[in-house]
Amino acid sequence: MSKLEIARTKDNLLKYAVSQGHSNTEAVSSLLTKDANVLNFFCEEMEKDGLLELRAYATKDISTVKSYGIIPTSKTFYFLQINGGYERQFRKETLKETWMKTKIVASVLNAILILLIGYLSLK
């Protein structure tokens, strides 16, 4: 899964949680056609970020995939609407990295041209 796909999946998960008010990872897993274990991992990450509250469901069998009840927090709506979600953050970071690389290449080319001009002026 690429970083962009991860960002889109997280955004879709948050949007679904906001639209439903509450849900569970099994329902979201079938809707987004993603593995429940992956969504559980994403949910746990977003809980650490303060975007979701999770309620663990009890299961009889330990081998079954655990499921969480997903409840969006007040920070979730703000994160999606104002900050643009994970995809926008990913695009901002990518643009910043590209700009940094472009500046480095321009600086190196500038230094090479200055040395070349100095060398040619001595001849």
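What the table below lists for this structure:
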{"item": "Filter result for the condition that a residue is under 20 Å from GLN81 (Cβ atoms) and modelled with pLDDT of 85 or more, over LEU52, LEU4, LEU39", "result": "LEU52"}
{"item": "Segment 64-94, residues that are touching a residue at least 24 places away in the same chain (Cβ under 8 Å), under 12 Å from GLU47 (Cα atoms) and not aromatic (Phe, Trp, Tyr)", "result": "GLY69, ILE70, ILE71, PRO72, LYS75, THR76"}
{"item": "Some residue of segment 27-36 being without any contact (Cβ under 8 Å) to a residue 60 or more places away in the chain, surrounded by 16 or more Cβ atoms within 10 Å (Cβ to Cβ), part of a helix (DSSP H, G or I) and in contact with a strand residue (DSSP E or B) (Cβ under 9 Å, 6 or more places away or on another chain)", "result": "yes"}
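The values are calculated or read from the model by the stated rules, or taken from the named source; none is laboratory data. If you're wondering where the values come from, they're calculated on a predicted model, not measured in any experiment. Please note: Cβ atoms are built from the backbone with ideal geometry, for glycine as well, and neighbour counts cover all protein chains shown.
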